[in-house]
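Handing you this structure, nothing more for now.
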Amino acid sequence: MKFQGRSTRKRTGGRRRHARNKRKHELGDEPTETEVGDRKVKIVEARGGTEKVRTVATDVASVATDDGTISAEIETVVENPANPNYVRRNIITKGAVIETSEGEARVTSRPGQDGQVNAELLE
């Protein structure tokens, strides 16, 4: 688990002493690495009783074109600036370039957070 509380270092580089222990709500989750495959979602409880839908795997993307939005099949990940290893593993993140049935498209949503893949067609 990742700790997402205040840093132990100041902006100047000096040390900041902790005043209390870590809290449960300050712990983060592992990143949801959305893969290309049959659609699978995970529902996670968030703060305030709300729910987040995380896409674990998907094979469909909503692609924005000049004519409107089309639901397209995802074939593979072509490029991913977040991590070059994600291309080999077919992991979709925001900014990734995916090959769809409509052509190459860049992902504009955060599938691990939003629960869907939105993309815009590249020229």
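The values are calculated or read from the model by the stated rules, or taken from the named source; none is laboratory data. Fair warning: this is a prediction, and the values are worked out from it, not measured in the lab. Here Cβ is always computed from backbone atoms with ideal geometry, including for glycine, and neighbour counts include all displayed protein chains. Calculation scope for accessible area: heavy atoms of the full protein, side chains included, ligands and nucleic acids excluded. Shrake-Rupley method; radii C 1.70, N 1.55, O 1.52, S 1.80 Å.
Go through region 100-108 residue by residue and turn each phi into a ³J(HN,Hα) via Karplus (6.51, -1.76, 1.60, θ = phi - 60°); whole Hz please, and just put x for glycine and proline.
Here the 3J(HN,Hα) series is 10, 5, 9, x, 6, 9, 9, 6, 10 Hz.
Kindly report the accessible area of region 8-52 per residue (heavy atoms of protein chains, probe 1.4 Å, no ligands, DNA or RNA), in Å².
96 Å²
Under 15 Å from a point placed 7 Å out from the Cα of Glu26 along the Cα-to-Cβ direction: which residues of region 38-54 have their backbone N that close?
none
Further question on the same structure: For a quick check of understanding: with a 1.4 angstrom probe and all protein chains in place, what accessible area in square angstrom does Lys22 have, to the nearest ten?
140 Å²
Keeping the other protein chains in place, figure out the carbon and sulfur percent of the accessible area of the chain, with a 1.4 Å probe.
Ligands and nucleic acids excluded, carbon and sulfur reach 43 percent.
Continuing with the same structure: For region 57-123, what size does the Cα cloud have along each of its three principal axes, sorted from largest down, in whole Å?
Each principal axis gives a Cα extent; for region 57-123 these are 34, 24, 17 Å.
Over the alpha-carbon set of the chain, work out the extent along each principal axis and list the three values in angstrom, largest first.
55, 35, 27
Follow-up question, since we're still on this one. Among 10-20, 100-110, what's the highest-first ranking by average C-beta atoms within 10 angstrom per residue?
100-110, 10-20
Ordered by residue, what ³J(HN,Hα) values in Hz, to whole numbers, does region 42-53 give under the Karplus form 6.51 cos²θ - 1.76 cosθ + 1.60, where θ = phi - 60° and Gly and Pro are x?
10, 9, 10, 6, 10, 5, x, x, 7, 10, 10, 9
Please list, in order, the residues from region 74-103 whose amide nitrogen is less than 17 Å from a point placed 7 Å along the Cα→Cβ vector of Asp38.
74
Positive end of the charge dipole of region 1-102 (Lys, Arg +1 and Asp, Glu -1 on Cβ, about the Cα centre): tell me which of Val56, Gly14, Gln4 has its Cα farthest that way.
It is Gly14, whose Cα lies furthest towards the positive end.
Here is a further query. For region 86-95, just list the computed ³J(HN,Hα) in residue order, Karplus coefficients 6.51, -1.76 and 1.60, θ = phi - 60°, integers in Hz, with x standing in for Gly and Pro.
Going residue by residue, I get 5, 5, 5, 8, 6, 9, 9, 9, 5, x Hz, with x marking Gly and Pro.
Work out how much length Arg16 to Glu51 would gain on full extension: take 0.36 nm times their residue separation and subtract the Cα-Cα distance, in nm to one decimal.
9.2 nm
Still on this structure, please answer the following. Under 8 Å for C-alpha pairs, at least 6 residues apart: give me the relative contact order for the chain, rounded to a whole percent.
21 percent
Of the beta bridges DSSP finds with both residues in region 35-107, what % are antiparallel, to the nearest 5?
90 percent
Checking the cross-link filter: which lysines have an alpha carbon closer than 22 Å to that of Lys52, excluding same-chain neighbours under 8 positions apart?
In chain and number order, the partners are Lys2, Lys24, Lys40, Lys42, Lys94.
What is the distance in Å between the Cα centres of region 6-34 and region 76-123?
So the separation of the two Cα centres works out to 30 Å.
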